[in-house]
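Every read-out reported here was derived from the displayed coordinates using simple, explicitly stated rules and does not represent laboratory data. It should be emphasised that the depicted structure is a prediction, and the values quoted were computed from it without experimental measurement. So basically every Cβ, Gly included, is an ideal-geometry build from the backbone, and we count neighbours across all protein chains shown.
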Amino acid sequence: ADYDLVVRGGTVASGLGTMRCDIGIRGGRIVALAESIPGGAATLDAGGLLVLPGGVDTHCHIEEPSRGGYTSAGGAPATEVTVQEESFGSASVSAFAGGTTSVVCFVPQWKGEGILPRLADYEARAARGMVDYSFHQIISDATDDVLEREVPEVVARGIRSLKVFLTYEPLHLSDEAFLKVLVTARRHGCLVTVHCENYAAINWRTEALLKAGLTAPKYHAWSRPPVVEREATHRAIALAELVDQPIQVFHVSCAEAAEEIARAQHRGVKVWGETCPQYLALAAADMDRPGFDGAAYMCSPSPRSAEEQGRVWEMIRRGTLDVVSSDHCGFSMHRPGAGKQAGGTAVPFRDIPNGIPGLAARLPILFSEGVSKGRISLDHFVRLTATNPARLMGLAPRKGAIAIGGDADLALWDPKKKVTITNALMQHAIDYTPYEGLEVTGWPVATVRRGTVVMRDGVVQAEPGTGRFLARGPYDFIAPRGLLPDGFDAAPRLE
Ligand code: URP
Ligand code: ZN
Ligand code: ZN
Ligand code: ZN
């Protein structure tokens with residue numbers, strides 16, 4: 001046949017505007033966009049629906065082996081090895097259920113170890129999934145061997161972003177180690193993505209809270225107020241500016257951190273800001289529940305307040321924050337000895353793993369709170385959830401757009417459908433969603449990944465092992481500005 005699949009009768013929203021058109025797909029790619037496309041071995045009726053690029057979620061923690069999960073500064077990370085409950089298989093189902101077709105997740109590095117053996121292990125895990133994927137390489141131990149011998153090999157294997165944490169036990173880097181990573185990234189043409197919170201500040205606050213007997217989950221928010229995020233954001237940008245190395249600040253939760261990004265952007269610094277649905281739909285007050293229940297909302301940075309949510313929306317509207325990712329990092333609530341309960345239910349907030357699931361909820365929440373409530377346009381929604389993340393991570397134009405030659409990754413979206421979010425609808429391996437009971441308007445009714453219909457009316461069907469690794473080569477978007485003088489070694493050894 002002329003086309004393997006024709007998507008007919010929909011309103012296509014590409015991020016550059018909307019138009020009524022049909023989409024002709026062959027060999028997994030979009031090969032025709034026209035008012036009316038006849039034929040096709042199969043057709044998908046999109047009458048009355050929006051057709052969006054499949055979601056691109058560039059911040060997902062999937063099947064990441066860790067010691068004690070993401071425990072807070074000063075916390076005692078369990079020595080026991082845990083792999084997150086979400087596997088690439090279950091995460092793929094959840095992604096497709098929520099209209100997402102590509103993810104970028106994290107290859108761990110444990111302190112005292114090199115990178116490459118874990119990378120090989122992680123590559124094998126990810127290859128079992130169905131969602132298309134790429135990786136950020138975490139650097140938690142910036143030794144010369146890692147930076148000089150292993151990172152070039154990581155880059156050769158198609159990874160173009162290094163991830164660093166300025167907090168967490170035992171992941172946090174010193175300023176000196178962070179500088180070394182920036183220099184290495186610059187030399188090899190990588191983006192650096194950064195978790196910006198001040199380790200020592202959180203640790204100090206936490207000690208004081210625990211000494212005073214204030215140990216409940218709600219004190220998680222008190223242990224890390226906006227100032228610790230603002231300070232680390234400022235510092236990360238300053239060091240990146242010094243090295244002339246582009247960075248993306250992950251999960252910006254508050255206006256004061258976003259203002260640091262805006263000020264740097266106005267100076268011409270190549271810094272981008274990401275936020276997540278939890279900073280638009282959750283608040284610190286959610287953690288104020290009896291006993292262990294508040295743990296369900298514990299993520300870092302902490303959810304803030306309703307007023308802060310409004311300010312984050314404003315920073316999205318201004319364009320300071322131009323990517324919305326899920327930061328999906330699921331820990332079940334009700335499994336004794338595992339997930340959020342890895343240390344039991346009687347431990348202080350410091351020893352409860354940080355992170356919440358949100359892979360399937362990301363698009364519906366942002367669409368409903370953003371587009372349906374009139375805070376952002378449909379085009380802006382598409383840019384935040386697909387076009388911008390694909391571009392920043394070097395996945396464009398293959399991903400993140402509806403364009404001829406690009407992969408046929410689509411979300412067919414019913415903008416009027418009203419749904420009450422439940423955990424079952426998330427179709428993930430985690431036993432809860434922090435968004436239980438949230439009412440949304442707008443819902444994905446079908447998902448197409450490279451021309452294959454992988455979800456229809458909530459039913460996911462995809463063969464394990466069909467997700468493809470998205471190898472990333474060099475790309476201009478993240479090139480340094482070239483501010484360092486000729487002959488200056490941009491990558492001096494920082495001994
Ligand atoms: O609390 C969070 N965000 N957990 C996931 C790890 C991270 O910091 O992104
Ligand atoms: Zn330390
Ligand atoms: Zn983080
Ligand atoms: Zn994260």
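If you fit an axis through the alpha-carbon atoms of helix 175-188 and take the longest principal axis of the Cα set of the chain, what angle between them do you get, 0 to 90°, nearest 10? Once rounded, one gets 40 degrees. The calculated P(r) of the range 337-406, using every Cα pair and 10 Å bins from 0, goes 18, 28, 23, 20, 9, 1 in percent.
About the centre of its Cα atoms, the range 270-403 shows a dipole size close to 460 debye [charges on the beta carbon of Lys, Arg (+1) and Asp, Glu (-1) only; nearest 20 debye]. Taking every DSSP helix (H) stretch of at least 4 residues in the chain, weighting each as -39,500 (n - 2.57) and dividing the sum by the residue count yields a mean residue ellipticity at 222 nm of -7000 deg cm²/dmol.
Among the listed pairs K111/K163; K373/K416; K211/K340, which have their C-alpha atoms separated by more than 21 angstrom in this model?
Numbers: K111/K163 14 Å; K373/K416 12 Å; K211/K340 23 Å.
Violating the 21 Å limit, Cα to Cα: K211/K340.
Beta carbons within 10 angstrom, averaged per residue: use that to sort the peptides 274-280, 23-29, highest first. Can you show the working numbers first?
Details: 274-280: 25.7, 23-29: 19.9.
Peptide ranking by packing, descending: 274-280, 23-29.
At q = 0.09, 0.12, 0.13 Å⁻¹ the log10 of I(q)/I(0) for the chain amounts to -0.57, -1.04, -1.23, computed by Debye summation with a single uniform scatterer per C-alpha, solvent ignored.
Counting only Cβ charges, +1 for Lys and Arg and -1 for Asp and Glu, the dipole size of the chain around its Cα centre is about 740 debye. Between the helical axis of 255-266 and the longest alpha-carbon principal axis of the chain there is an angle of about 80 degrees. With the dipole of the chain worked out from charges on the C-beta (+1 for Lys and Arg, -1 for Asp and Glu) around the Cα centre, which of C254, Y168, P290 lies farthest toward the positive end? Result: C254. For the chain, with the dipole built from +1 on Lys and Arg beta-carbon atoms and -1 on Asp and Glu ones, taken about the Cα centre, which of L321, L410, A429 lies farthest toward the positive end? The residue sitting farthest along the positive end of the dipole is L410. Across every pair of non-identical alpha carbons in the range 178-246, the mean reciprocal distance, once inverted, gives a Kirkwood radius of 13.5 Å.
Please compute one quarter of the surface area of the Cα convex hull for the range 97-188 and express it in square nanometres. Mind showing how you got there, number by number?
Values: hull surface 26.3 nm².
Over every viewing direction, the Cα hull of the range 97-188 projects on average to 6.6 nm².
Sorted into 10 angstrom bins from 0, the C-alpha pair distances of the range 1-154 split as 10, 28, 26, 17, 14, 6, 0 percent.
Could you order the peptides 173-179, 333-339, 233-239 from most to least packed, using the average number of other C-beta atoms within 10 Å per residue?
Working: 173-179: 16.6, 333-339: 14.1, 233-239: 20.6.
Output ranking for 173-179, 333-339, 233-239: 233-239, 173-179, 333-339.
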